[in-house]
Every structure is written in structure tokens, then in C-alpha cells.
Amino acid sequence: MSYDLVVIGSGGAAFSAAIAARSKNKTVAMIERGTIGGTCVNTGCVPSKALLAAAEARHIAGHHPFPGIRTDAGPVDFPALITGMRALVEQIRADKYIDLAAHHDWYICRGAARFVAGPSIEVSLPGGGSQRIEAEHYVIATGSAPVAPLIPGLAEAGYLTSTSAMELDELPDSLIVLGSGYVGLELAQLFAHLGTQVTVVEILDRLAPAEEPETSRVIEDVFADEGIQVRTRVTVTSVHRAEGTVFVMLCRPDGNLEQLRAQHVLVATGRRPVTDDLNLATVGVKTGDRGEVLVDPRLRTHHSRIWAAGDVTGYPQFVYVAGAHGALIAENAFDNADRTLDYRHLPRVTFTSPQVASVGLTEEQAIRRGLDCTCRVLPLDYLSRALVNRDTRGLVKIVAQHATGRVLGVSLVAPNAGDAILAAVYAVKHGMTVDEMADTWAPYLTVGEGLRLAAQTFTRDIALLSCCAS
Ligand SMILES: Cc1cc2nc3c(=O)[nH]c(=O)nc-3n(C[C@H](O)[C@H](O)[C@H](O)COP(=O)(O)OP(=O)(O)OC[C@H]3O[C@@H](n4cnc5c(N)ncnc54)[C@H](O)[C@@H]3O)c2cc1C
């Protein structure tokens, strides 16, 4: 069988490439060895955000700050919660993936793909046997999978990943989370809000180490308030399990050892591109140090008819990056569009409560690039929305170029920061200055107003938490 495009995988990157190619009237085959829809809908964005929303509802019921309102958080029916989440995932998978594929009318082949000389693809079919598929262009959109660090005893003790943690039959009474990137933080707070005793272990000196240090401090304070234990600047030296309990040995910064114990340990230390079974060497496609498929800025691999998209490329692991990649490849492959993407205004969101959202450069990144920058931090105590919510945990930080006032980066820690950051994305993308941001209408009693107030602090003398390096 021969097609214009063959896509390996059926996640966000693959779907986007297939839809774009079909809209150009190209014939498409999609090969999937697991569940249609890939990570985001099945084991990533959708189930995690569905459970986070439910867990937050319970947490707020037990902890809201409003006088005269009485609520309380009862015990959690975890199997019912998981069943409800699964039903939602199935519904979204049907509506947004399976029906969409049928609507655009492309061929879906179930099985594991690998390249053979040609290039061509051989699919190992689930019932045995194989099928050969050829195409004018190929897209590798095989995503990423959790990777566990090499810690003595960890594999033998057994550990949860983000995927298996959201498939548990019962709510754990205690959990140790290794890693404090966005997946680790979200899952730590999710289980804590459901009533699990959680400890987060981070090898670096603060939680959310990729974000601004002020952001880390807010999240550490929030976790402390919520009884989530945190250990930073520690290395895990060994793990073992005995009688249903996992023991995690830590080496602290002072050299002393500490033993933590919990019902489960959850590894959230990163995800590695999935390329192992693809036989890439046969077709001359190269991979980098982190296992990522090496691509040029147009997403073409070392083979002129093979492209790669999404998590497998080593670009930031967000579904909107995967989606943009897929569409870009269809244009470059079929229209010779020669298009590239600009990642400088790519937003990132951690769906904790409060949410962490940022765009552009952090202060440290700006300094490392030799940019002469100036920064302001506006604590949420200055924001009316936070005051009426009776929750002022959070901040707005703006990094701007000293000479021009151009906004280089923005960090927001606030309720719905993930929504409000979009205004900052526009500001960074279009090179707005802090004066222009300060002079832009902002609706009163919104989190977005915090952006305007923070921008105003560049010219008004308000005593704030920290001012910048220049
Ligand atoms: C817990 C969690 C929460 C997340 N939350 C968010 C969020 O809120 N927002 C956000 O933007 N991103 C989020 N992400 C990241 C997001 O899910 C990924 O960036 C995105 O799904 C990657 O899409 P992809 O198309 O590159 O790969 P995937 O969606 O992983 O698809 C790859 C597919 O390829 C298939 N495959 C692999 N090898 C083969 C083979 N040899 N043959 C056939 N098929 C194969 C796999 O089975 C898989 O279905 C989250 C991730 C996790 C783990």
C-alpha cells in the first residue's frame, strides 16, 4: 500500500499532521500500537487536569477562607473518581480523535511500526503477521515515555509513573514523589488534596527549578501550608520495599542520611523520546544524546522524506507544540513552505493551585544571555482579585530590557494564571514595552490586571519584593 503521508503515532502531533495533509487532499495512513489519541488525552493532560479539578474541589470544601460559609471535605471514593475520569477520557477520545479521524477519512493501522530499507514501514500487527506501507513522506510522532533514574533498588521496589498513579485502584495513604517539574508538582498536590500524605524530593535546591526563584518560594510556602513535605538538595541513594512499605534513603546537603517511608514512590523525573523500536539507523535518521530524533528547524530529519514532530524531537513537551509541529510538517513536506516556528513566546503552565504560568525568559536566562535587564515582582497582596478571593498567595514578575523597556519574560503565580498568561504571550511576541503594558486597559478584579499593575511598577515607586539585576 502506498500513501502520500504515513504518520507513526496517533497523538497530538500525528493528528495535526494527518488533518493538515487531508485538508490538502493527500492520502494518509496512521499507525498506532497503543491507544488512539496518544499521551495527552489518555494518560496526560486530560486525566491529570480532570483529577486535579476534582481534588481541588475537595480541598476547597475543607479549606476555603470565606466567613459565614460552612463546607467540609468528606472521604474520597477513589474508585468512583477514577471511573468518572475514565468515562470523560473515553468521551473526549471519541469526540476529538476517533470521530475526527473518521470525518477526515484516513486509514488507521493498529500495530507497531518500524522502518525498513526503502524507506518503507513494516507494521507488526496485533494478531500476528505484518503489513508493509510506503509513502512519499513519513512523520515520526512517537512521543515520549517516563524515564526513571538509576537508583539502587528502585526497579526492584517498584514505582509509580504519572500513568500508573492515575490508574490506582485505591487512594494511597502516603506517597513520595521524586522530581518537582510540572508533572511532579501537579501529581503531588493532586494526591495531597485527596488526603494522601505526600513528600516531594528534589535534587536541585528548590521546587520548580526551571521557574523563577520567587515562583519556587510561593509554591514551597503553599506546599508547607498544605502539609506537603518537601526535601530539596538531596540525592536518593537507595530504595527498597518491605511488607508493603517503600523506604527511600536520602543524602542531605550536610551529608547526613534520612530515611523516608511511604506506601508508594512516584517517579516524575522526566520523559524520554520513544525511538527504541523504530530501526532508525536503517534509514539514516539520527538521534541525539537524550534519544531525541534530530531534526532541522523545519522538522526534517537526516532523511529528506522523513520528518519528526512533538515530544520525540526533544522540543518542549507540550501538546500545543506537538500540534504546531504536525501542521508545519504538512506544509513543508507538500508545499515546500520552508516554515519554522518561533519558540521565544511559548507559554508553560503548571496546573497547581495557585497555577504557575510563564512565558519568555526568566531573569537568570536573560542575564546568562548577556541582556541588560531590569525586573519587578508584584506580590498578589496588591491585586484586588486576590484580596476579594481572600487568597494572596502568588505574584507577577516581569523581566524587561533595561534600555528599551521591552518585555522579555513574565511569570504569574495566581489562580487561573494559565488563562491570564495569554496576554503576556502577546506582549512578548509583539515586543511590547512595560510602558505599553502599563498603558493597556485591564478589567478590574481579574488576575490579568496583575500584569498591568506589575508593568506600572517600572515607573511608579512602589516598594516591592525584589528588583533586578542589571
Ligand atoms: C501527566 C502529564 C500531564 C500533561 N499535561 C499537559 C498539559 O496540561 N498541557 C500540555 O500541553 N501538555 C501536557 N502534557 C504533555 C503532552 O501530553 C505531550 O506533550 C503530548 O501529548 C505529546 O504528543 P505527541 O504527539 O508528541 O506524542 P504522544 O501523544 O505521546 O503520541 C505518541 C504515540 O505514538 C505511539 N507509538 C510509539 N511508538 C510507536 C511505534 N513504533 N508504532 C506505532 N505507534 C507508536 C504511542 O503508542 C503513542 O500513542 C502532559 C504529559 C503528562 C505525562
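Does Ile98 fit the bill of being within 23 Å of Ile8 (Cβ to Cβ), among the aliphatic types (A, V, I, L, M) and away from the ligand (no atom under 12 Å from the Cβ)?
The answer is yes for Ile98.
From the list Thr374, Thr340, which residue is open to solvent by 10 Å² or more (accessible area, probe 1.4 Å) and touching a strand residue (DSSP E or B) at 6+ places or on another chain (Cβ under 9 Å)?
When all the criteria are applied, what remains is Thr374.
Looking at this structure, is Ala262 touching a Leu at 6+ places or on another chain (Cβ under 6 Å), closer than 28 Å to Tyr182 by Cβ and modelled with pLDDT of 95 or more?
Criteria met by Ala262.
Specify which of the listed residues (Ile121, Ile133) is open to solvent by less than 10 Å² (accessible area, probe 1.4 Å), of a type in the set (A, V, I, L, M) and near the ligand (Cβ under 10 Å from one of its atoms).
Ile121
Can you give me the number of residues within segment 136-161 that are under 20 Å from the mean Cα position of the chain (by Cα), within 16 Å of the ligand (Cβ to nearest atom) and closer than 30 Å to Val236 by Cα?
Total meeting the criteria: 8.
If I filter segment 33-80 down to residues being of a type in the set (Lys, Arg) and either touching a Phe, Trp or Tyr at 6+ places or on another chain (Cβ under 9 Å) or within 16 Å of the ligand (Cβ to nearest atom) (or both), which single residue comes out as most open to solvent (accessible area, probe 1.4 Å)?
Arg33
Mind checking which residues of segment 256-279 are open to solvent by 80 Å² or more (accessible area, probe 1.4 Å), in contact (Cβ under 8 Å) with a residue 24 or more places away in the chain and more than 10 Å from the ligand (Cβ to nearest atom)?
Matches in segment 256-279: Arg261, Arg272.
For segment 362-470, which helices (runs of 4 or more DSSP H) that fit wholly inside it have 1 or more residues that are of a type in the set (S, T, N, Q), more than 16 Å from Glu214 (Cα to Cα) and in contact (Cβ under 8 Å) with a residue 60 or more places away in the chain?
384-389
Check Ala423, Ala427, Ala400, Ala417 and return the single one that is under 16 Å from Arg452 (Cβ atoms) and within 16 Å of the ligand (Cβ to nearest atom).
Ala417
Restrict the check to segment 6-22 and report whether at least one residue is open to solvent by 40 Å² or more (accessible area, probe 1.4 Å), within 11 Å of the ligand (Cβ to nearest atom) and assigned to a helix (DSSP H, G or I).
No, the conditions are met nowhere in segment 6-22.
Quick one: what pairs do we get from segment 130-143, first residue assigned to a strand (DSSP E or B), second within 12 Å of the ligand (Cβ to nearest atom) and among the acidic types (Asp, Glu), C-beta under 7 Å, 6+ apart or different chains?
Sorted first by the residue in segment 130-143, then by its partner, the pairs are Ser130/Glu122; Arg132/Glu122.
Test Gln229 against the stated conditions and say whether it is loosely packed, with under 13 Cβ neighbours inside 10 Å and closer than 24 Å to Gly181 by Cα.
Against the criterion (loosely packed, with under 13 Cβ neighbours inside 10 Å and closer than 24 Å to Gly181 by Cα), Gln229 does not qualify.
The values are calculated or read from the model by the stated rules, or taken from the named source; none is laboratory data. Keep in mind that what you see is a predicted model, and the values were worked out from it rather than measured. Neighbour counts are summed over all protein chains in view; Cβ atoms, including those assigned to glycine, are modelled from backbone coordinates with ideal geometry. Only protein heavy atoms, including side chains, enter the accessible area calculation; ligands, DNA and RNA are left aside. Shrake-Rupley method; radii C 1.70, N 1.55, O 1.52, S 1.80 Å.
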